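Everything below concerns the one structure shown next.
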Amino acid sequence: MTMEPEILRRHGWLSGRTPEMQARILEGGRLRSFAPGETVYRVGDTSEGLYGLARGNVTIAIPNTIGSEHTIYQATPGFWIGDLALFSKQRRLVTVLAVSEVEVYFIPQPKLAALVRDEPGMLREFYALSHVNMELQLNILANLSIPNSEKRIAAFLLYSNSVQAEPGAWLETPQDRLATMTALSLPTVQRLVKRLASLGLIEIGYGRIRVQDAEALARHAAE
């Protein structure tokens, strides 16, 4: 019998569902593991189910019009993905890559289809997931449009910190990945991250960053 990851019940989209709904959604799923560098799924793949991130970190990359992919986000436990292609019966629009040891809770498409067929009211719960992920996309877009580089980095760190299961914990985000996700050069990110750290707003570790004072960082970014 597969143990359902408690983090998915406590944090993220699923935590907003009733215990009864959580049990119905999780029933029939299973844990799947991915090593660093492994692909959970790629752009263009057919949809086979829904994924809930239970442990580790994954990046989300989108294709551009010149044939390459751009990493736009790093997700932490409690994040769910796969709903849009699943219910629209279209192919995957993003690539999901494990950047650490990862465990996802996978719920196969036939199980979800049967659940919605038997309990049509469940469909609104999955629309709620699509709303959560649309909010994420809009936040990414809005933050990327910030012209000031330091404020853009601050906005990215503030949002990433706010959606963690434990705000204030380390973000396992190397500075080169931060540069990619904020569409800035690595030297620019290194300089500005060092400046934010000198102000006591963030802490820098090896391959990771921690927001020390979210309120102060938000005030600094708003100045």
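For the structure I just gave you, tell me whether T76 is open to solvent by less than 50 Å² (accessible area, probe 1.4 Å) and hydroxyl-bearing (S, T, Y). So T76 fits the description; yes. Restricting the range 79-94 to residues that are in contact with a Ser or Thr (Cβ under 7 Å, 6 or more places away or on another chain) and open to solvent by less than 20 Å² (accessible area, probe 1.4 Å), the residue that is farthest from A142 (Cα to Cα) is L86.
Here M21 clears all of (1) touching a residue at least 60 places away in the same chain (Cβ under 8 Å); (2) open to solvent by 50 Å² or more (accessible area, probe 1.4 Å); (3) closer than 26 Å to A169 by Cα except the condition numbered (3). Filtering the range 95-113 to residues that are over 21 Å from R55 (Cα atoms) and surrounded by 12 or more Cβ atoms within 10 Å (Cβ to Cβ) leaves Q109, K111, L112, A113.
Of the residues making up the range 21-45, those that are within 18 Å of G78 (Cα to Cα) and among the charged types (D, E, K, R) are R24, E27, R30, R32. Residues in the range 143-175 that are more than 15 Å from the chain's Cα centre (by Cα) and without any contact (Cβ under 8 Å) to a residue 12 or more places away in the chain: S145, I146, P147, N148. On the given criteria, is S100 over 12 Å from F87 (Cβ atoms) and in contact (Cβ under 8 Å) with a residue 40 or more places away in the chain? Judged against the criteria, S100 is a match. Take the conditions (1) more than 27 Å from Y41 (Cα to Cα); (2) at pLDDT below 95; S185 misses just one of them, which is (2). Has the range 47-58 got at least one residue that is open to solvent by 30 Å² or more (accessible area, probe 1.4 Å), closer than 24 Å to S160 by Cα and hydrophobic (A, V, I, L, M, F, W, C)? Within the range 47-58, not a single residue is open to solvent by 30 Å² or more (accessible area, probe 1.4 Å), closer than 24 Å to S160 by Cα and hydrophobic (A, V, I, L, M, F, W, C).
Of everything listed in (1) touching a Ser or Thr at 6+ places or on another chain (Cβ under 8 Å); (2) over 24 Å from N57 (Cβ atoms), the single unmet condition for P110 is (1). Being open to solvent by 30 Å² or more (accessible area, probe 1.4 Å) and in contact (Cβ under 8 Å) with a residue 60 or more places away in the chain is the filter here, so list the residues in the range 24-46 that pass it. Across the range 24-46, the qualifying residues are R24, E27, G28, R30, L31, R32, S33, A35, P36, G37, E38. Write out, first by first residue and then by second, each pair whose Cβ atoms fall under 7 Å of each other, whose residues are 6+ apart or on separate chains, and whose first residue, in the range 74-86, is over 9 Å from S47 (Cβ atoms) while the second is of a type in the set (K, R) and open to solvent by 20 Å² or more (accessible area, probe 1.4 Å). Matching pairs, first to second residue: Q74/R177; P77/R55.
The values are calculated or read from the model by the stated rules, or taken from the named source; none is laboratory data. Source: prediction; values computed, not measured. No Cβ is skipped: glycine too gets one built from the backbone with ideal geometry, and neighbour counts run over all protein chains shown. Note: areas computed on protein heavy atoms with side chains; ligands, DNA, RNA excluded. Shrake-Rupley method; radii C 1.70, N 1.55, O 1.52, S 1.80 Å.
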